[in-house]
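Asker: Below are the structure tokens for one structure; questions will follow.
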Amino acid sequence: MKKRVFILLIAIALSAYWFFDIDHYLTLEGIKNAQADLKTWRQASPLLAGAAFFCSYIFVTALSLPGAAALTLVGGAIFGILGGVILVSFASTIGATLAFLAARFILRDSVQRRFGNRLEAINKGVEREGAFYLFTLRLVPVFPFFVINLLMGLTPIRTRTFYWVSQVGMLAGTIVYVNAGTQLAAIETTADILSPALLASFAVLGLFPLLARTFIDRMKKRQVYCKWQRPNHFDRNLVVIGAGAAGLVSAYIASAVKAKVTLIEAGKMGGDCLNYGCVPSKALIKSGKIANYIRHAKAYGFETTSPAIHFREVMQRVHDVIARIAPHDSVERYTDLGVEVLAGRARLVDPWTVEIEHNDGGTTRLTTRSVIIATGARPFVPPLPGLSDVGYLTSDTLWEAFAGMDEAPQRLVVLGGGPIGTELSQAFSRLGSEVWQVEKGARILSREDSEVSELAKQALEQDGVHVLTGHQALRCEMDNERKFLVVEHDGREQRLEFDALICAVGRVARLEGYGLEELGIPTDRTVTTNEYLETLYPNIYTAGDVAGPFQFTHTASHQAWYAAVNSLFGEWRKFKVNYSVIPWSTFIDPEVARVGLNELEAQEKGIAYEVTRFGMDDLDRAIADGTDHGCIKVLTVPGKDRILGVTIVGEHAGDLLIEFVLAMKHGLGLNKILSTIHIYPTLAEANKYVAGEWKKAHAPQKVLAWLGKYHSWKRKGGFLSSLLLSVVVLLGGGPK
Ligand SMILES: Cc1cc2nc3c(=O)[nH]c(=O)nc-3n(C[C@H](O)[C@H](O)[C@H](O)COP(=O)(O)OP(=O)(O)OC[C@H]3O[C@@H](n4cnc5c(N)ncnc54)[C@H](O)[C@@H]3O)c2cc1C
């Protein structure tokens, strides 16, 4: 209601402006004609003339009306250079701020809601450097004054900042225009004001903040290094610390472009993914799946049986899989690629020197132009009373600990309802453990939509997992040789007896013990970097789990490209890391895969969306395979063929998702997926069917109604339709 009244008032003011033909006076001709009268008035009553001019200026600029430039000239012509500059400077800034506030009041919320995540980068940029951008825009008068006012109103810049930056930024332009106004008699056309010489001086003014910015950046960088002694020459172009996904890819790229690169790994080549993460967990999940098939063999025409699980062999297979993949990440492979690989613990001594404590003894120091920190993350162990007394496992230790066991632990507690905890709970349950999964939050996989969490929970429960959501772990207890986890739910304590307990409550970046503290490199939960993955020191970069915000192998290698290219070629061109389309998958059965927004995030961010679904129970191939559970959910911009995000729950969801990842990455919509031939019968057809559902929901109803009439007319009017057909055939447009 308030908004409507406000808009009405603006409309009245605008009508008055046009009705009284005020724009007619705000032309060069109009001003020149009135100049003598205005001067006389000013001499007779200077205060009244000043106040009237001031208010008129505010009126014109606040309503974004044409004529501000002409009024500035009037200011110079009537009040002289000093008086004109003071009046115009304040009036223009107040008017601009009112226009800014009006745009903010009327439009900002709806614009932010409508364009939501597309404005995120702009909003962040404005929050960080809005004053600087505005200052540049104000200095360059080729950008229309009123456009800047209105657009800035839609951003999160603070009003106070907008005011003072505008006042300071417009001062130079105001002086030039007011000065031109004092010469009004000599100016014949506006082109005289915007002469090439004058425009060139504005351009220089516009470049000034950019030049100043570059200068300040250079100074800042030098300051960071000033307490360190820079080596005269460098042993390496790049030293990479850590040989997980991020480090390996960084070193690979560096060697591919012929840089001299050293890769240092304290533990096992391949890092977490190969040795403790993706690879062993997926191998284990596969064994669990086979056990599950055997249990449900009746559904496929076999006799029901329970699998005879040789757990030691299952774990041996896990280690065999690691061993088969290990050559991909091995010292030999990387040495052949031209990378020097050193086994040892690295430590930054200064921004260009890395000390290596070799695993087989001795230390060496290498000087390097650039460093990439790719030290990864480690499991977080909660400060749970009694935990270390009872003993616990993490993803780092469980693979070795279980390798020597003939049976899966009889009673297993998994702490944590995230992707890792959920995957492990289901796999070990299928492999014979009685599993209690303990999650303090209201649901597992809490980053996903609640219906997805519910599907995951049901799937786990069907496999026999006790999914205890809303259960807070309080402490561990030993009772003779028996081990217990005490949890609290709804104010009541419960004791869970277990033989093994796995902590899977998250992973924290490795930040200590290799020189970040000594170099003063800021960290939060991860190493603090800018969008180029550059740390405080512009020659030290990070990638992977230690850089965040994601903890996936594919994001680690994605970041590695940016870190490697920026560290080697940053003085020529740097690339901002692009996180626009990041997919991931949780490899439970059925898989849960997502790219972009889900409903939860869209609601949190206030982004409008439409949902289109397709149930896997309608998909021929899924029915044939007996995997007809789960669904695809696509979020699109309301009324538009633009995909905001996709969640798939189902067999091979991670693989199915890639079609949407490609579509989103390259701006393709559901129409394009619908018009692509998908092989029958495949699971991938689900992607086409969900696109079809969207198409049906957006079918042009009016056109269809007309088509209905056309066809009924064709059915009825035998003579007329045959006549029409004959005409078409005669004209050559018919069947040949
Ligand atoms: C159980 C589990 C399952 C997972 N499943 C998946 C999955 O299915 N898909 C997926 O995308 N991601 C998965 N992940 C996550 C994935 O493993 C990580 O995101 C990925 O390994 C990160 O790679 P990185 O290079 O950043 O770090 P890491 O792989 O941790 O490598 C860092 C390396 O740096 C070394 N290092 C540390 N400090 C030093 C030092 N000072 N000197 C020398 N070397 C040092 C470490 O020894 C380590 O080898 C899983 C993780 C776990 C734990």
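Asker: Name the residues in region 680-706 that are touching a residue at least 12 places away in the same chain (Cβ under 8 Å), basic (Lys, Arg) and farther than 23 Å from residue 625 by Cα, would you?
Answerer: Result: 695, single match.
Asker: How many residues does region 133-154 contain that are under 22 Å from residue 176 (Cβ atoms), open to solvent by 50 Å² or more (accessible area, probe 1.4 Å) and in contact (Cβ under 8 Å) with a residue 40 or more places away in the chain?
Answerer: Going through region 133-154 one residue at a time, the tally reaches 5.
Asker: Could you check residue 704 against (1) open to solvent by 50 Å² or more (accessible area, probe 1.4 Å); (2) at pLDDT 95 or above and say which number it fails?
Answerer: Against the list (1) open to solvent by 50 Å² or more (accessible area, probe 1.4 Å); (2) at pLDDT 95 or above, residue 704 comes up short only on (2).
Asker: Among the residues of region 318-333, which ones are of a type in the set (A, V, I, L, M, F, W, C) and open to solvent by 30 Å² or more (accessible area, probe 1.4 Å)?
Answerer: If the condition is that a residue be of a type in the set (A, V, I, L, M, F, W, C) and open to solvent by 30 Å² or more (accessible area, probe 1.4 Å), then 321, 323, 325, 326, 331 are the ones that fit.
Asker: Filter region 488-538 for residues that are open to solvent by less than 40 Å² (accessible area, probe 1.4 Å), closer than 30 Å to residue 474 by Cα and among the charged types (D, E, K, R) and give the result.
Answerer: 497
Asker: One residue is enough: does region 284-291 have a residue meeting the conditions in contact (Cβ under 8 Å) with a residue 40 or more places away in the chain and not in a helix (DSSP H, G or I)?
Answerer: No - not one qualifying residue is present in region 284-291.
Asker: Same structure again: So which strands (runs of 3 or more DSSP E) are wholly in region 483-560 and hold at least 3 residues that are within 12 Å of the ligand (Cβ to nearest atom) and touching a Lys or Arg at 6+ places or on another chain (Cβ under 9 Å)?
Answerer: By residue number, 507-509.
Asker: Is there a residue being within 22 Å of the chain's Cα centre (by Cα), within 23 Å of residue 121 (Cα to Cα) and either open to solvent by less than 60 Å² (accessible area, probe 1.4 Å) or modelled with pLDDT of 95 or more (or both) anywhere in region 645-654?
Answerer: yes
Asker: Hey, another quick one. Output the residues belonging to region 292-308 that are open to solvent by less than 60 Å² (accessible area, probe 1.4 Å) and free of Cβ contacts under 8 Å to residues at least 24 places away in the same chain.
Answerer: Once the filter is applied, which keeps residues that are open to solvent by less than 60 Å² (accessible area, probe 1.4 Å) and free of Cβ contacts under 8 Å to residues at least 24 places away in the same chain, region 292-308 yields 297, 307.
Asker: Still on this structure, please answer the following. Just one of the numbered conditions (1) more than 17 Å from residue 412 (Cα to Cα); (2) within 15 Å of the ligand (Cβ to nearest atom); (3) without any contact (Cβ under 8 Å) to a residue 40 or more places away in the chain; (4) in contact with a strand residue (DSSP E or B) (Cβ under 8 Å, 6 or more places away or on another chain) is not true of residue 437; which one?
Answerer: Single failed check for residue 437: (1).
Asker: Next question. Could we say that residue 40 is free of Cβ contacts under 8 Å to residues at least 40 places away in the same chain, of a type in the set (Val, Ile, Thr) and on the phi < 0 side of the Ramachandran plot here?
Answerer: Yes.
Asker: Scan region 649-666 and report the pairs whose first residue is touching a residue at least 12 places away in the same chain (Cβ under 8 Å) and whose second residue is in a helix (DSSP H, G or I) and of a type in the set (Val, Ile, Thr), with Cβ atoms within less than 9 Å and a gap of 6+ or a chain change.
Answerer: 649/452; 659/673; 660/673; 663/673
Asker: Restricting attention to region 251-285, and to residues there that are surrounded by 16 or more Cβ atoms within 10 Å (Cβ to Cβ) and among the charged types (D, E, K, R), which single residue is farthest from the ligand (Cβ to nearest atom)?
Answerer: The qualifying residue farthest from the ligand (Cβ to nearest atom) is 260.
Asker: When you scan region 59-75, how many residues do you find that are open to solvent by less than 20 Å² (accessible area, probe 1.4 Å), modelled with pLDDT of 85 or more and not in a helix (DSSP H, G or I)?
Answerer: Qualifying residue count for the region: 1.
Asker: Could you check how many residues of region 409-428 are more than 16 Å from the ligand (Cβ to nearest atom) and either open to solvent by 10 Å² or more (accessible area, probe 1.4 Å) or among the hydroxyl-bearing types (Ser, Thr, Tyr) (or both)?
Answerer: Residues meeting the conditions: 2.
Asker: Hey, another quick one. Pick out the one residue from 108, 113, 138 that is among the charged types (D, E, K, R) and over 28 Å from residue 2 (Cα atoms).
Answerer: 138
Asker: A follow-up question, please. Mind listing just one residue for me: the one in region 1-28 that is closer than 20 Å to residue 67 by Cβ, β-branched (Val, Ile, Thr) and at pLDDT 80 or above and, of those, surrounded by the most Cβ atoms within 10 Å (Cβ to Cβ)?
Answerer: Of everything passing the filter in region 1-28, 10 is surrounded by the most Cβ atoms within 10 Å (Cβ to Cβ).
Asker: Hey, could you check region 712-721 for residues that are open to solvent by less than 90 Å² (accessible area, probe 1.4 Å) and at pLDDT 65 or above and say which is farthest from residue 633 (Cα to Cα)?
Answerer: 717
Asker: Can you give me the number of residues within region 561-580 that are part of a loop (DSSP other than H, G, I, E, B) and within 15 Å of the ligand (Cβ to nearest atom)?
Answerer: 2
The values are calculated or read from the model by the stated rules, or taken from the named source; none is laboratory data. Since the structure is predicted, the reported quantities are computational estimates derived from the model, not experimental observations. Note: ideal-geometry Cβ built from the backbone for every residue, glycine included; neighbour counts use all protein chains shown. Keep in mind that these areas ignore ligands, DNA and RNA; they rest on the heavy atoms of the full protein, side chains included. Shrake-Rupley method; radii C 1.70, N 1.55, O 1.52, S 1.80 Å.
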